[in-house]
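Each remark here refers to the structure printed beneath this line.
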Amino acid sequence: MKTGVQLYSLRNYIKDNGLESALKIIADAGFDGVEFAGFYDKTADEIKSLLDKYSLTAFSAHIGTEKMQAELPTALQLGISNIVVPWKALDNAAEFDKAVAELPRIAAELREQGVALGYHNHAHEFKDGADKVTELAARVDGLTLEPDVFWLAVAGVDACEFIQKHSDKITLVHIKELGESSETVNPVAGEGRARLKDVLEKCKQIGAEWAVLEIEKTDLPIADYLKRCCAFMREYA
């Protein structure tokens, strides 16, 4: 598997230091690519130039359905092959029905351009023993899944079992370490409670393509954190 970073993880760093500095420390840490979450008021050509400079691949972008019209053109110009819906209130019946109504059209339009539409989970989709992610995937033809193993652990869902169950729908997996709770800092990958070694081995077994580091918060210098996480991910991915 290749290793990447969800750029949402560096949102504060990018705000203070700029996108190029973020891409440099990601590349220096040893990662292969990045997953976008917005395009930082840059054109596709400007971003391409930076990605080429640091030998990084843009393999995915998180785009909410409400931002699809504005952000999709940039994603397509970058050659991004995975568009992932980062969040939906699927635990709300009306919002679930809305997603079932709108996502098939988006998925079909993207498929015509050789791009996959995916969904990234949090914990609320599994509230009270439900599994709205599996329900959504069954209702939206061609929908891929990007399991966030941190949120699966918070929800009490076995990530390896979930990944195996949906192995035909998974090419991207969010690798985010769980500390004492969902509110505490993310430990370095492999040093927390999310069973990331087992998760990475399962991802490799099913043929997933990208292990994607995501960070909510860390108390370490971000460049050091990235290097330590990448070393762990490369060992098992």
Using the structure shown, decide if LYS15 is at pLDDT 95 or above and surrounded by fewer than 15 Cβ atoms within 10 Å (Cβ to Cβ).
-> yes
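Every residue, every condition in (1) small (Gly, Ala, Ser); (2) open to solvent by less than 50 Å² (accessible area, probe 1.4 Å), yes or no:
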{"residue": "LEU143", "(1), (2)": "no, yes"}
{"residue": "VAL149", "(1), (2)": "no, yes"}
{"residue": "ALA153", "(1), (2)": "yes, yes"}
{"residue": "GLU161", "(1), (2)": "no, no"}
{"residue": "SER181", "(1), (2)": "yes, yes"}
{"residue": "PRO187", "(1), (2)": "no, yes"}
{"residue": "LYS204", "(1), (2)": "no, no"}
{"residue": "ALA223", "(1), (2)": "yes, yes"}
By residue number, the members of the stretch 42-53 that are in a helix (DSSP H, G or I) and among the charged types (D, E, K, R) are ASP45, GLU46, LYS48, ASP52, LYS53
Please go through the stretch 54-64 and pick out each residue that is touching a strand residue (DSSP E or B) at 6+ places or on another chain (Cβ under 6 Å) and either within 17 Å of GLU102 (Cα to Cα) or in a helix (DSSP H, G or I) (or both).
-> HIS62, ILE63
Using the structure shown, decide if ASP128 is touching a helix residue (DSSP H, G or I) at 6+ places or on another chain (Cβ under 6 Å), open to solvent by 40 Å² or more (accessible area, probe 1.4 Å) and either in a helix (DSSP H, G or I) or among the acidic types (Asp, Glu) (or both).
-> no
Of all residues in the stretch 73-96, which are of a type in the set (A, V, I, L, M) and either in a strand (DSSP E or B) or without any contact (Cβ under 8 Å) to a residue 12 or more places away in the chain (or both)?
-> ILE83, VAL84, VAL85, ALA93, ALA94
Evaluate the following for TYR54: is it within 20 Å of the chain's Cα centre (by Cα) and surrounded by fewer than 21 Cβ atoms within 10 Å (Cβ to Cβ)?
-> no
Note on the stretch 109-125: residues within 15 Å of ASP148 (Cβ to Cβ) and either in contact with a strand residue (DSSP E or B) (Cβ under 7 Å, 6 or more places away or on another chain) or part of a loop (DSSP other than H, G, I, E, B) (or both) are GLY118, TYR119, HIS120, ASN121, HIS122, ALA123
Could you pull out the residue among LYS227, LYS202 that is over 23 Å from THR57 (Cα atoms) and modelled with pLDDT of 95 or more?
-> LYS202
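The values are calculated or read from the model by the stated rules, or taken from the named source; none is laboratory data. No experiment lies behind these values; they were computed from the predicted model shown. As a convention, Cβ positions derive from the backbone with ideal geometry for all residues, glycine included, and neighbour counts pool all protein chains shown. Accessible surface is based on the protein model in full, side chains and every heavy atom, while ligands, DNA and RNA are left aside. Shrake-Rupley method; radii C 1.70, N 1.55, O 1.52, S 1.80 Å.
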